[in-house]
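Report on one structure; see the data block that follows.
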C-alpha cells in the first residue's frame, strides 16, 4: 500500500482546482491501495498508440479519459472488444477529438472477461464520515438499488455481512458454470476503499462501477473519485 | 467531541436522597409544583426542598426563597424557572454541590433565536464546571427504584425492571413509560433529555451498558452529537445488551450535490440503517414496535427462535400464521403424523387439527388440556418456541348464557398458570396472543377482562401481545440481534 502515491495524485488535482480525478488517476489511487484494477495505458496522441496496443494486447477497450468525463457511456466515448490495429486506430480518432479537459487522452485498457458486474464505492456522511457501499453493478446499480453500506473503517466481518445483505448475494456463488467469487478478495477490496476514505479527507466520493468478477477475482474496471 | 466524564455519579442522579425543586410556586399548578405533587403521589422517599423567591408554603412544605438558603446540599435539582433565570439557578445548584440538574424549562436552542442559543451555551459552560445537566426542554428522569418521576408521571409504576429508555423527545419518553406499564414491562431508568445540552444519548447509552439493572436499552434519537463516538459506543454496548433504536427524521436522499452513484444512494435513511446494522443494534420504525421488541427481549431467553409451534383457532389461522412466520424468516414445521395424532386425541372433534399450526377447534378447550397439548407439541425437538393464540373473547357468549360477568367465566388466571407450568416443564418459552376483535363500547367488559388477562400473564413472566404478526415481528428482532452476535 502506498498512501503517499495516492495523496500526491489527489493533491495535484486539487491544486489544479479540479473536483474529480480522471478514470486513469482514480485507478492509480485504487492501485496504490492494493485494489486490483485493469491494466491500462493513457495515450495522449496517436504516436503512443502502437506501443500501448503492444503492451495491453487484443481484445482491448478504449475510453475517453479526463477529469471532466464522469459519465462516459452516455457520451458514447467507449469502444469495447477492439480486435485489430485498424479498429483501434479508428476508435482512437473518434474518441480523441471529443476529449477535453486536464489530463485528457484515450485510455487503452485490457478487456476483462466476466459476466458478473458489482459496484463498490465510498461516500462521506455528514454525521458518520466515510461509508463504504457494495452492491450489484453496471446498469443494475441505479435500477435495483440492491446495495449495502457500512461505516469505515470496515472489519472483515462487516465486509462479509455486506455481501450477505444484498438480495442478489447468490450472484457471488458458483452459478451458471461460473466459479464462486473470492469473497476474501472482495472483502479486502471493500476494506481498502474504506481506508482511502479514512486516510484522505479530500476524497469525498468513490464509485468503482463495475467491479467485474473474472475467474472468481474482483477487478476495478471503471472508477470515479470526487474531491472536495 | 463528546466530553467523556467517567466520574459522573449516576447513582446520585437516578437515586437522589435529596432533591430540590427550583421554581415551585405556591399558587397554581406549574411545572415545579406539578413535579412536587407527582413525586409525592408516586412515593419518592427522599427529602424534597422547594425554592421560589416569593417563599411561602406548598401543601404544608416550606418554600425557600433562594437556593442558597437550603440548609444542606442536595443530589439533584429539578429546575422549572423561566429560561432567562435558568443559568443563575443552575450555577447556584452547582455551588451547593448538586450532582445534576434536570431542566424542564424551555426557551433555549429549540427556539433557534440568538437569545435561546446564548442561554443554552451558558448552560453548557456551567455544566462543564461540574454539574451534569439533563435537558433543557425535557420531561426529566423516571426511576422506579427511587421514585423519581417525569412530568407527567405521577401514576407510573414503582416496579423496577430491565428496560432502560433514553429519548430526545419528552412525549415519547412518557408515552413509552405508560405503554410499558400497560404491557407489563418494568423499567430501570427512563430519561428524557430534550435539547441534550450536556448529558445525552451517547453517554446515557454507555451508562446503561454498565448499569446492572438494565438488560434492554431503548433509544429515541433525532440526531447524535458525535457520529463516531456514538457508533463506537453503540457497537460496544450492543455486544453485551440489545439496543433498540428508533431514529426520527430520516430522509431518503441526501440534499448535497454529488457526482457519484454511491453518494446519491447514501442518503441519511440508508446510512442510519447501515450504521445500526453494523453495530448489531435493533432498528424499529415506531414506538409500539419498540415497546413490543423490548417485551420480547425482556421476557425471552437470549437466543434465536426459528421453529415455532402455533396453537389457536379460526379459519385463517394456518395461512395467517404461515405468512407471518415466513415474512420474519421463521418456520412452523408440520408435526409428524404420530405426534399430530396424539395431539388430536386431546382435542374436540371434528374440526381440530394436530398438525402444526394446531387448530384447537373450540374456544372453550380447558386450560388443562391446552397444557397437555403444548407439552406434547414441545416433544418435537425442532420446536424452540410456542405461540398460543387465546380465544378469550368468545367467553362473552358464555357470559351471556350463564348471566355472569365475562371476567368471571374466562379462565385466564388458570391458563396463565398452565402456560407457566408448560414453560417450566418443556424448557421452551410460550408467547401468548390476546387476540380481541371485540373492542367497541358494548364490549368494555371484554376489554377489561383482556387487560386482567394480560396482567395475569405478565405476573408470571409470560410475554403477551395483541396480535400474532406483531409478536412475530418482535421475536424477529430478538432473532436478528442474537443471530447478529453469532457472526461477530
Conditions first: (1) surrounded by fewer than 24 Cβ atoms within 10 Å (Cβ to Cβ); (2) in contact with a strand residue (DSSP E or B) (Cβ under 7 Å, 6 or more places away or on another chain). Residue B:303 passes all but one, so which condition is the exception? (2)
Answer yes if at least one residue in region A:164-176 is outside any loop (DSSP other than H, G, I, E, B), closer than 17 Å to residue B:262 by Cβ and within 14 Å of chain B (Cβ to nearest Cβ), and no otherwise. yes
Given (1) at pLDDT 95 or above; (2) assigned to a helix (DSSP H, G or I), number of the condition residue B:182 does not satisfy: (1)
Going through region B:128-165 in order, the residues found to be assigned to a loop (DSSP other than H, G, I, E, B) and within 14 Å of the chain's Cα centre (by Cα) are B:144, B:156, B:157, B:159
Go through (1) out of contact with any strand residue (DSSP E or B) (no Cβ under 8 Å at 6 or more places or on another chain); (2) at pLDDT 95 or above one by one and return the number of the condition residue B:440 breaks. (2)
Mind listing whichever residues of region A:193-228 are surrounded by fewer than 20 Cβ atoms within 10 Å (Cβ to Cβ) and part of a helix (DSSP H, G or I)? A:198, A:199
Return the residues of region B:416-430 that are within 21 Å of residue B:360 (Cα to Cα) and outside any helix (DSSP H, G or I); say none if nothing qualifies. B:428, B:429, B:430
Output the residues belonging to region A:116-154 that are more than 7 Å from every other protein chain (Cβ to nearest Cβ), more than 19 Å from residue A:170 (Cβ to Cβ), touching a residue at least 60 places away in the same chain (Cβ under 8 Å) and surrounded by fewer than 24 Cβ atoms within 10 Å (Cβ to Cβ). A:124
Where residues in region A:212-228 are more than 17 Å from residue A:12 (Cβ to Cβ) and out of contact with any helix residue (DSSP H, G or I) (no Cβ under 7 Å at 6 or more places or on another chain), which of them is farthest from the other protein chains (Cβ to nearest Cβ)? A:215
Given the condition within 13 Å of chain B (Cβ to nearest Cβ) and either in contact with a strand residue (DSSP E or B) (Cβ under 8 Å, 6 or more places away or on another chain) or in contact (Cβ under 8 Å) with a residue 24 or more places away in the chain (or both), answer yes or no: does some residue in region A:177-192 qualify? yes
Filtering helices (runs of 4 or more DSSP H) wholly in region B:319-415 for at least 3 residues that are over 32 Å from the mean Cα position of the chain (by Cα) and in the same structural domain as residue B:309 (by TED's automatic domain parsing) gives B:337-346, B:367-377, B:395-402
Return the only residue of A:20, A:32, A:6 being under 15 Å from residue A:203 (Cβ atoms) and within 14 Å of chain B (Cβ to nearest Cβ). A:20
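The values are calculated or read from the model by the stated rules, or taken from the named source; none is laboratory data. All figures in this text were calculated on a predicted structure; none of them were measured in a lab. Positions of Cβ are generated from backbone atoms using ideal geometry, with glycine treated the same way; all protein chains shown enter the neighbour counts.
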